[in-house]
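The values are calculated or read from the model by the stated rules, or taken from the named source; none is laboratory data. In this text, all values refer to a predicted model and were calculated from it rather than measured experimentally. Reconstructed Cβ throughout: ideal geometry from the backbone, glycine too, with neighbour counts over all protein chains shown. Heads up: the accessible areas ignore ligands, DNA and RNA and are worked out on the full protein's heavy atoms, side chains in. Shrake-Rupley method; radii C 1.70, N 1.55, O 1.52, S 1.80 Å.
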Amino acid sequence: MSQKVFFDGAFVPQELATVSVFDHGLLYGDGVFEGIRAYGGVVFKLEEHLDRLYASAKTILLDIPYGRDEMRDIVRRTCAENGLKDAYIRLVVTRGRGDLGLDPRKCEKPTVFVIADKIALYPAELYENGMSIGTGSTRRSRAEIINPQVKSLNYLNNIMAKIEANQRGWGEVLMLSEEGFVAECSADNIFMVKQGGLVTPAPHLGILLGITRQTVLELAREAGIATLETTFTRHELWNADEVFLTGSGAEIVPVIEVDGRPIRDGKPGPVTRDIIRRFRAYAPTNGVAI
Ligand code: PXG
């Protein structure tokens, strides 16, 4: 059965969900998106994803043609139309069809589409055994260039870094801030464990404020695990007790090696395992029912 995609106001078979070659999302990466998961019939943290979507759109002066209630409903219905209870949802709003100049005023109306599908980003084995990562030479851009807090369609910065990971055989790539501090990975936030507490780069370091990151910080605090958002270098990361990544697609992935340095004994650690366990128990209970 063909998958149904919400595309500009209707559910259409995926073959018919096609964007114009004049769409500025395609021509210029002019648009915003969200990657969301559903667990057991609950769209995880949908309100938080909608907050971020509308905030990203506001910053780039893009008027989303649906109100929040409509958008919430569209996401739920896209899962329902495809009979999905566990899903990976991609919500995209582009500037829409314009002419060949980059002026957004030429675009008639934003294009909106929502896809609900299944993905397993990484093999199950990786969550057990951990991942090796390394630092890319591509830095995260500062807010005045392309603001990492805006989840825009302009991902070339991250893709350039991901290409380095592919070339070097790393599962993910660490990206530093312009000043050389640990920032985040191409599609995930990063945490380290020091003396039993969690440490993660502070928002000002040029990171996307991940919803999984925020969830992990909250789960840790509830469990009495100390948390700190701060500035640190790779020296501190290489010498951490544990390292893990967080993201809607990746969920929580243990990291066992960074830049050829094994993290402690090179095996996923107990705090990471505990956080994964807490996250898996929490996720299906927190969000909006399909
Ligand atoms: N940093 C960046 C740069 C991201 O793109 C995250 C952190 C994690 O944020 P959330 O809110 O998901 O915890 C992201 C996530 C994917 C995928 O398939 C994920 C993202 C973008 C593209 C693909 O996992 N964003």
Accessible area expressed per residue, segment 124-283, with surrounding protein chains retained (probe 1.4 Å, Å²): 43 Å²
Förster radius 22 Å - calculated FRET efficiency between Thr59 and Tyr28 (Cβ-Cβ, nearest 0.05): 0.90
Per residue solvent-accessible surface (Å²) - segment 4-117, probe of 1.4 Å: 47 Å²
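To the nearest 500 deg cm²/dmol, what mean residue ellipticity at 222 nm is calculated for the chain from DSSP H runs of n ≥ 4 alone, each contributing -39,500 (n - 2.57), summed and divided by the residues? Could you put the intermediate results ahead of the total?
Details: 8 runs with 82 residues, N = 290.
Calculated mean residue ellipticity at 222 nm is -8500 deg cm²/dmol.
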Proximal charge balance of His204 [Cβ under 14 Å; K/R count +1, D/E count -1]: -3
Estimated vicinal HN-Hα couplings, Hz - segment 252-266 in sequence order (Karplus 6.51, -1.76, 1.60; Gly, Pro = x): 10, 10, x, 10, 10, 8, 10, 6, x, 9, x, 7, 6, 8, x
Residues with amide H under 5 Å from that of Val5, placed H, sequence gap 5 or more: Val12, Gln14
Table column - 3J(HN,Hα) (Hz), segment 219-234, Karplus curve with 6.51, -1.76, 1.60, x for Gly and Pro: 4, 5, 4, 4, 8, x, 8, 5, 10, 8, 9, 8, 9, 8, 9, 5
Virtual paramagnetic centre 7 Å along Cα→Cβ of Leu156, amide N under 19 Å, in segment 177-214: 178, 186-187
Label-to-label distance, nm, for residues given as Lys109 and Ala202 (7 Å Cα→Cβ offset): 4.5 nm
Share antiparallel - DSSP beta bridges, segment 124-283, percent rounded to 5: 65 percent
Distant-in-sequence amide H partners of Ala202 (H built 1.01 Å from N, under 5 Å): Thr230, Thr231
Acute angle (nearest 10 degrees) that the helix 46-59 long axis makes with the longest principal axis of the chain, alpha-carbon atoms: 70 degrees
Summed side-chain charge close to Thr246 - residues other than Thr246 whose Cβ falls under 9 Å, Lys, Arg +1, Asp, Glu -1: -1
Long-range HN-HN contacts of Cys185 with modeled amide H, under 5 Å: Met175, Ile190
For segment 68-104 versus segment 183-226, the gap between their alpha-carbon centres in whole angstrom: 28 Å
Degrees between helix 156-168 axis and first principal axis of the chain (Cα, 0 to 90, nearest 10): 50 degrees
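On full extension of the chain, what length is gained from Ile146 through Glu128, given 0.36 nm per residue of separation minus the C-alpha to C-alpha distance?
Numbers: separation 18, 0.36 × 18 = 6.48 nm, distance 3.51 nm.
Here the answer is 3.0 nm.
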For segment 117-131 and segment 29-60, distance of Cα centres in Å: 22 Å
Packing-based ranking, highest mean first, of 142-154, 202-214 given that Cβ atoms within 10 Å are counted: 202-214, 142-154
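With a 1.4 Å probe and every protein chain kept in, tell me what percent of the accessible surface of the chain is carbon plus sulfur. Don't skip to the end; give the middle numbers.
Details: 7120 of 13310 Å².
Its accessible area is 53 percent carbon and sulfur atoms.
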